[in-house]
Amino acid sequence: MEIPHQTFFIEASPDMPNILKERVVDAVSRIHRQGVLLGNINLRNFLICPDGRVVVTNFEYCKSSSPNKALKIDLASPADLRMEMRKLKVRLDYGTAREDEHKRFEAQHRRYHANFLHMQESAFRGERGVNLETETMEDTTDPPIHLETSDWFPRAQERPRRFITPGVTAETFRKARQAFLLLAPEDPIPLTVPKPEELEEGSDALDLPPQPIPRRYKHHDKTASAFSSRKFGLQLLISTSTMHGRISGYSC
């Protein structure tokens, strides 16, 4: 797979600007519309480039609405796709996603408790044909999740990382970083990106030590080849490795 950007890129995080969260959600929505389930909603798999593009990586556990036994890609149902989108929004702290999930679970818990008390009271009185509150259609098709006991929240120690491409000059990096900061001036600045006052003339644009480029972005990795898919309308990077034979990533 090619390096996501020739200057730098950062990992997605819950505290990044809303405009970048929307782009991550939109990227996953586009993948889902093709019937592809990522299978691994780790925020480190979403790389943000200074021009605002989102590069999605790690399709190792992907599934599809059109399964392929030869590639070991299992079936993904519409419910699976909806569940994955809910999980992504919770991990990103997107809009009111976390609050909405809490409300749904609490409403289900209250309904179960009320039905249990009603059944006990009816049994004590010897009544039959108890009218209980039924599940909502939404809860039937997309069951509520107890966030506190799920793996939907990102791990606390997983701080987003920024990767600077080797060979980038200080001036090139400064300009790319400044353009990135202007994407959403009204939103909080991500922790991995320096504050605007650090962009003064004469400052060292490479004051923060760059992270090493992950191996899967090395230029010498010959197991990946790029092509454009007219069917999907996306720029895809398809692994030519006979051992994996899976989509390795795409950018949008």
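Any read-out appearing in this document is the output of simple, stated calculations on the displayed coordinates, not a laboratory observation. As the structure is a computational prediction, the values presented were derived from the model and not from experiment. Positions of Cβ are generated from backbone atoms using ideal geometry, with glycine treated the same way; all protein chains shown enter the neighbour counts.
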How far, in nm, would the chain grow between residue 172 and residue 132 when pulled straight, counting 0.36 nm per residue and subtracting the alpha carbon separation? 7.8 nm
With labels modelled as points extended 7 Å from the Cα through the Cβ direction, what inter-label distance (nm, one decimal) is found for residue 182 paired with residue 33? 2.9 nm
Let me know the number of lysine pairs in the range 6-115 closer than 17 Å at the Cα, not counting same-chain pairs under 8 apart. 6
Pulled fully out, how much extra length does the chain show between residue 120 and residue 60, if you take 0.36 nm times their separation in residues and subtract their Cα-Cα distance? 16.7 nm
Fewest-first ordering of 91, 44 by Cβ atoms within 10 Å yields 44, 91
For a label point 7 Å along the Cα-to-beta-carbon line of residue 112, residues of the range 127-150 with backbone N under 19 Å: 132-150
Contour minus Cα-Cα span, residue 83 to residue 42, at 0.36 nm per residue, comes to 13.3 nm
